[in-house]
1. On the basis of being buried (at least 17 other Cβ atoms within 10 Å of the Cβ), part of a loop (DSSP other than H, G, I, E, B), outside the structural domain of Asp252 (by TED's automatic domain parsing) and not polar (S, T, N, Q), does Lys35 make the cut?
2. If you go through region 75-87, how many residues are of a type in the set (A, V, I, L, M), out of contact with any helix residue (DSSP H, G or I) (no Cβ under 7 Å at 6 or more places or on another chain) and touching a residue at least 12 places away in the same chain (Cβ under 8 Å)?
3. As an exercise: evaluate Val156 against (1) within 19 Å of Ala225 (Cα to Cα); (2) aliphatic (A, V, I, L, M); (3) in the same structural domain as Leu219 (by TED's automatic domain parsing) and give the number of the one condition it does not meet.
4. Specify which of the listed residues (Lys158, Lys132) is of a type in the set (Lys, Arg) and either surrounded by 14 or more Cβ atoms within 10 Å (Cβ to Cβ) or touching a residue at least 40 places away in the same chain (Cβ under 8 Å) (or both).
5. What are the pairs, 6+ residues apart or on separate chains, where a residue within region 88-108 that is under 10 Å from Ile121 (Cα atoms) has its Cβ under 6 Å from a residue that is surrounded by 23 or more Cβ atoms within 10 Å (Cβ to Cβ) and among the hydroxyl-bearing types (Ser, Thr, Tyr)?
Amino acid sequence: MNRLALFATLLLTLAPLSSVSAQTAKKHKIGALTKSLANPYFLQMKQGYDYAEKKLGVDVVFGSTPKEEEDVEQLNILQSWLAEGSLEGYVVTPFRATSLNSVLTRISRKNLPIINIDELIPEETAKADDIKIVARIASNNVEAGILDAQLVLSSVPKGSDVAIIEGDPGTTSSTERVTGFTNAAKEGGLNIVASQPANWDRKKASELATNMMEGDHNLKAIFVANDDMALGVVHATQATGATGKIIVVSVDGTPNALDAL
């Protein structure tokens, strides 16, 4: 299922069933909160919400933060929505598995449906915080890391040096992707020489990659935890003359990254 259809389906599941005709039915109002639109992945997510709003005839109140890792700003948006009181359901992508939980608990106690996308709140965490999540939607991040490791293993000799650029180490998505890649790479006989976080920042990823390449002239591949950072790493390989010498693999499949292939 493509992203646009996925988010249309998600919003449909939030809309309560009604026997009232389409002409007289109430127009439902749903909050959709993501991470920063500075990341092209979440810009795509917004396009999905926009599509669903028109396709399903619902009102979607959209929220995001200007920059990555703005936990407090994201929490404030959710708090303001709850205080305003007109939303009938919430679709949330938190920065971290616990960063929105104080408000999500209050939403659940009002018996309003919550769908959790991408950065998942573990079931045990939600239960402990009295949060009722009606659906969780995310890619298999561990499997994504494994697939990238398999690609590298098919492209470089056994025993090759490889490096990892993580996202935010406090996020489930980064941790799982790195875990999947690390385990599969080690099992396949690759030598992981470095693993450092760039906190989803393209410029920082570029700087880290430059340092990694300068520190290990035998480096054969770099695994990057998302596409936006990977574009920074590609820039670093170009700037250091390593294009074609070092394989860069990542996760998400954003349009900008696909264009760079």
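1. On the way: buried (at least 17 other Cβ atoms within 10 Å of the Cβ): yes; part of a loop (DSSP other than H, G, I, E, B): yes; outside the structural domain of Asp252 (by TED's automatic domain parsing): yes; not polar (S, T, N, Q): yes.
For Lys35, the condition - buried (at least 17 other Cβ atoms within 10 Å of the Cβ), part of a loop (DSSP other than H, G, I, E, B), outside the structural domain of Asp252 (by TED's automatic domain parsing) and not polar (S, T, N, Q) - is met.
2. Taking region 75-87 first, the residues of a type in the set (A, V, I, L, M) are 75, 77-78, 82-83, 87.
If we keep only those that are out of contact with any helix residue (DSSP H, G or I) (no Cβ under 7 Å at 6 or more places or on another chain) too, we end up with 77, 83.
Now narrow it down to the ones that are touching a residue at least 12 places away in the same chain (Cβ under 8 Å): 77.
The number of residues fulfilling the criteria is 1.
3. (1)
4. That would be Lys132, the only listed residue that is of a type in the set (Lys, Arg) and either surrounded by 14 or more Cβ atoms within 10 Å (Cβ to Cβ) or touching a residue at least 40 places away in the same chain (Cβ under 8 Å) (or both).
5. Listed by first residue and then by second, the contacts come to Thr93/Thr34; Arg96/Thr171.
The values are calculated or read from the model by the stated rules, or taken from the named source; none is laboratory data. All values reported here derive from a predicted model rather than from experimental measurement. For neighbour counting, all protein chains shown are included, and Cβ atoms are generated from backbone atoms with ideal geometry for every residue, glycine included.
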